[in-house]
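Below: one structure, written as structure tokens.
The values are calculated or read from the model by the stated rules, or taken from the named source; none is laboratory data. This one's a predicted model, so the numbers in the text were calculated from it and none came from an experiment. We place every Cβ from the backbone using ideal geometry, glycine too, and count neighbours over all the protein chains shown.
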Ligand SMILES: NC(=O)c1ccc[n+]([C@@H]2O[C@H](COP(=O)([O-])OP(=O)(O)OC[C@H]3O[C@@H](n4cnc5c(N)ncnc54)[C@H](O)[C@@H]3O)[C@@H](O)[C@H]2O)c1
């Protein structure tokens, strides 16, 4: 991709651009105009900073930059880490026009965004996402969060970034497992609202697995466009944004049952999408042909080929605890087929449990 592509998210004062392209971390001309003040806090982690920190060296020539390199991992997406970032902002003497820059995956951007959202009641936040999942999902939409011992993402805010720069080159070093987990979210966009994109993914699966530049650019661009369109129409998740949870209710139950150690989020979502398709089929909403196409595509991407064996009872208990289960009735994102997801209320618990019982053997 020669020239970066700009996609607009939101409207009015809160609108911001998402740039997608190659070499963006070194693109001074693009990033520089996005920075209003002199002071910057660059937040990254011990894995990402050694890989890409140098590409941002130009920032130090132009700004007063403090750098916080966090330990790697979800375990550090905490209030303690946010407090560490507040201390760094205080040492910097950060004023209202200072900015926080996140260089990393969703963990870094969630906690850095949270710190930016409450420092002096909110300062600028720029995201430089370096995982596929962060580029197509976590960095867009303005949700920030930290975890508590009581649960994931319990403390957070809506704080739209000033801009997001998705440098496709950073995806080259991503571990295979993380990369494939990101592809699950790409498949999700196609599954919920874009049958043509789904067909493109079917023909491009091998190119994507090989991380061919043009296929990767196309997949990221299309996914970013879908997320941008949805969050622009429904910033606070009152309606359409819920469709992004396709596969997630099942996925969360699987992640929780495994103590968040067995599966990456995208891996759980891939299994969850397969179950959601089976449930739609069982309820007579969609035909088997659609389930099979989803199974086949995810299988070629190495996703959801087997599920950890948790009993249907354990999974069902986690499903009911999920925040999407309101007043004992289960809410699910189901589909009528590829590209046609919708929010289903009051889904029959017996049908859900039947799917949970049959799936691991047949995935
Ligand atoms: N805010 C939102 O809307 C939103 C949406 C989805 C997910 N999330 C959050 O995102 C987090 C998951 O994000 P993630 O999947 O990016 O995980 P992550 O941030 O933990 O990154 C995955 C791993 O890849 C490493 N890494 C990152 N970039 C790399 C690169 N270019 N090369 C090599 N290694 C690299 C990281 O150090 C880490 O070890 C979760 O905390 C989740 O709750 C937030």
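Points to keep in mind about this one:
- Contact map, region 250-265: residues that are over 17 Å from residue 75 (Cα atoms) paired with residues that are within 13 Å of the ligand (Cβ to nearest atom) and part of a helix (DSSP H, G or I), Cβ distance under 6 Å, separation 6+ or inter-chain. Pairs shown: 251/268; 251/269; 254/268.
- Residue 107 vs. criteria part of a strand (DSSP E or B) and under 24 Å from the mean Cα position of the chain (by Cα): no
- Scope region 24-47; condition touching a strand residue (DSSP E or B) at 6+ places or on another chain (Cβ under 7 Å), within 16 Å of residue 166 (Cα to Cα) and surrounded by fewer than 19 Cβ atoms within 10 Å (Cβ to Cβ); matching residues: 30, 34
- Among the residues here, residue 126 does not qualify as more than 16 Å from the ligand (Cβ to nearest atom) and within 26 Å of residue 238 (Cα to Cα).
- Single unsatisfied condition, residue 12 versus (1) at positive phi; (2) within 13 Å of the ligand (Cβ to nearest atom): (2)
Residue by residue, here is whether (1) within 18 Å of the chain's Cα centre (by Cα); (2) at pLDDT below 95; (3) in the same structural domain as residue 133 (by TED's automatic domain parsing); (4) assigned to a helix (DSSP H, G or I) holds:
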residue	(1), (2), (3), (4)
220	yes, no, no, yes
228	yes, no, no, yes
237	yes, yes, no, no
254	yes, yes, no, yes
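- Residue match in region 129-147 (condition: over 24 Å from residue 34 (Cβ atoms), surrounded by fewer than 24 Cβ atoms within 10 Å (Cβ to Cβ), over 11 Å from the mean Cα position of the chain (by Cα) and within 7 Å of the ligand (Cβ to nearest atom)): no
- Residue in region 76-87 that is more than 25 Å from the chain's Cα centre (by Cα) and assigned by TED's automatic domain parsing to the domain that holds residue 158 present: yes
- With respect to being assigned to a helix (DSSP H, G or I), touching a strand residue (DSSP E or B) at 6+ places or on another chain (Cβ under 9 Å) and in the same structural domain as residue 266 (by TED's automatic domain parsing), residue 215 falls outside the description.
- Positions within region 148-169 being more than 7 Å from the ligand (Cβ to nearest atom) and in a strand (DSSP E or B), in sequence order: 148, 151, 154, 155, 156, 157, 158, 163, 164, 165, 166, 167
- Test: residue in region 64-74 that is closer than 30 Å to residue 255 by Cβ, at pLDDT below 95 and away from the ligand (no atom under 13 Å from the Cβ): no
- Extreme residue, farthest from the ligand (Cβ to nearest atom), among residues of region 189-203 that are closer than 23 Å to residue 265 by Cα and out of contact with any strand residue (DSSP E or B) (no Cβ under 9 Å at 6 or more places or on another chain): 202
- Selection count, region 172-184, where residues are part of a helix (DSSP H, G or I) and within 8 Å of the ligand (Cβ to nearest atom): 5
- Considering the conditions (1) assigned by TED's automatic domain parsing to the domain that holds residue 50; (2) within 7 Å of the ligand (Cβ to nearest atom); (3) part of a helix (DSSP H, G or I), residue 114 is excluded by exactly one of them, (2).
- Inter-residue pairs, beta-carbon under 6 Å, first under 15 Å from residue 113 (Cβ atoms) and free of Cβ contacts under 8 Å to residues at least 60 places away in the same chain and in region 70-84, second assigned to a strand (DSSP E or B) and near the ligand (Cβ under 9 Å from one of its atoms), 6+ apart: 70/45
- The residues of region 48-63 that are out of contact with any strand residue (DSSP E or B) (no Cβ under 6 Å at 6 or more places or on another chain), more than 16 Å from the ligand (Cβ to nearest atom) and modelled with pLDDT of 95 or more, listed by number, are 57, 58.
- For residue 73: the one exception among (1) surrounded by 24 or more Cβ atoms within 10 Å (Cβ to Cβ); (2) over 23 Å from residue 232 (Cα atoms): (1)
- The single condition from (1) more than 23 Å from residue 266 (Cβ to Cβ); (2) crowded, with 24+ Cβ neighbours inside 10 Å; (3) under 21 Å from the mean Cα position of the chain (by Cα) that residue 123 fails is (3).
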